[in-house]
Amino acid sequence: MATETKQSCYERSSVQRFQFYLKHSGEHEAILRCVHNILPGEFKRIGAGKSSLDVLGVGSGGGEVDVQILSLLQSAFPAVPVTADIVEGSSELTDNFKALVARTTSLHKIPFTWHIMHSEDYEKQVKAKGDVKKFDFMHMIQVLYYVDDLAETIRFYHSLLKNNGMLMIITETANCGFDTLWKTYKKELYNDTITEYRSSGLKYEVHDIPNSFDITQCFNPSSETGECLLNFMTAKDNFYQSFSPEIRAGILDLLRNKCSSEKDGKVFFNASLSCILVYEEVHSAI
């Protein structure tokens, strides 16, 4: 990537924080439940009568969700050729994705094109080339926080949809725990990577993805698990060194009393998501 490009949230130590979070949060499992419930029917509609299908994943990370999506599409149309373009800013996560594809025999027939860059750099590249490839299905999962111009980004990717195509956006639900945390402590948490917290306060067809996870260990200062979760949730390398004692206390109080619920002595953080479906024919949605 060019040196002037804004650093991905998930490079270097951030990758480890992200993977630790995925392991403990159940986020991918929640997303996959939604994907398996919604996409088979949508794919039947999207692919009806088509001789080939083209998929674009934006911010695909290590590819765990993409592999499931592509497998569902293959199941719906086993005789139809599928291509996959992947836009991901993290070279480390892209390497993980490539390794996952190599281990997934059913995907070996799909040609992948890898674009190791941020979504806005991909947009610039496409506009500069002029020869625009369009797609039947696109997905942007947990990407919108890192773009400078939200409306223009959605408008651009919407313009890449082929006839009867669909764009799927998954983002944090408005008023979930992350939304509350980042809006309350925006001065302390915003940085060069995340300059505005975006949740699904957008007018689209929305499917809820309920999710919560145990953050009880976050309130134990000696817990390594708790500290790792706090590091990810605040996008810091070291939660205890990054904030004053007053700010730390305020964040922990907020996490317990405004972002979570308690059950059987444990604290469960509200990490619910929204799946937003934007159809090619619904131009008024943008």
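Suppose the filter is at pLDDT 95 or above, under 26 Å from Ile209 (Cβ atoms), assigned to a helix (DSSP H, G or I) and not hydroxyl-bearing (Ser, Thr, Tyr); does Leu73 pass it?
yes
Taking segment 205-220, which residues are over 17 Å from the mean Cα position of the chain (by Cα), surrounded by 13 or more Cβ atoms within 10 Å (Cβ to Cβ) and over 14 Å from Lys263 (Cβ atoms)?
Gln217, Cys218, Phe219 - these are the residues of segment 205-220 that are over 17 Å from the mean Cα position of the chain (by Cα), surrounded by 13 or more Cβ atoms within 10 Å (Cβ to Cβ) and over 14 Å from Lys263 (Cβ atoms).
Read through the list (1) assigned to a helix (DSSP H, G or I); (2) β-branched (Val, Ile, Thr); (3) modelled with pLDDT of 90 or more; (4) under 29 Å from Lys124 (Cα atoms), then give the number of the only condition that Ile154 fails.
The number of the failed condition is (3).
Of the residues Asp121, Asp136, Asp131, which single one is in a helix (DSSP H, G or I) and of a type in the set (Asp, Glu)?
When all the criteria are applied, what remains is Asp121.
Which condition breaks for Ile251 when tested against (1) buried (at least 20 other Cβ atoms within 10 Å of the Cβ); (2) of a type in the set (Val, Ile, Thr); (3) more than 25 Å from the chain's Cα centre (by Cα)?
Evaluating Ile251 over (1) buried (at least 20 other Cβ atoms within 10 Å of the Cβ); (2) of a type in the set (Val, Ile, Thr); (3) more than 25 Å from the chain's Cα centre (by Cα) leaves (3) as the failure.
When you go through Phe20, Phe43 one by one, which is the residue that is within 23 Å of Thr216 (Cβ to Cβ), assigned to a helix (DSSP H, G or I) and not charged (D, E, K, R)?
Going through Phe20, Phe43 in turn, just one is within 23 Å of Thr216 (Cβ to Cβ), assigned to a helix (DSSP H, G or I) and not charged (D, E, K, R): Phe20.
When segment 130-146 is examined, which residues are found to be crowded, with 23+ Cβ neighbours inside 10 Å and modelled with pLDDT under 85?
If the condition is that a residue be crowded, with 23+ Cβ neighbours inside 10 Å and modelled with pLDDT under 85, then Val143, Leu144 are the ones that fit.
Suppose we filter segment 232-242 for residues that are crowded, with 17+ Cβ neighbours inside 10 Å and either farther than 16 Å from Ala271 by Cβ or among the small types (Gly, Ala, Ser) (or both); how many remain?
Number of matching residues: 3.
Is at least one residue of segment 77-91 touching a residue at least 12 places away in the same chain (Cβ under 8 Å), crowded, with 19+ Cβ neighbours inside 10 Å and in a helix (DSSP H, G or I)?
For segment 77-91, residues touching a residue at least 12 places away in the same chain (Cβ under 8 Å), crowded, with 19+ Cβ neighbours inside 10 Å and in a helix (DSSP H, G or I): absent.
Looking only at segment 92-126, which residues are more than 25 Å from Gln19 (Cα to Cα) and either surrounded by 15 or more Cβ atoms within 10 Å (Cβ to Cβ) or of a type in the set (Asp, Glu) (or both)?
Ile110, Glu123, Val126
The values are calculated or read from the model by the stated rules, or taken from the named source; none is laboratory data. Remember, it's a predicted structure, so these values are computed and weren't measured experimentally. Methodologically, a virtual Cβ is constructed for each residue, glycine included, from the backbone with ideal geometry; neighbour enumeration extends over all protein chains shown.
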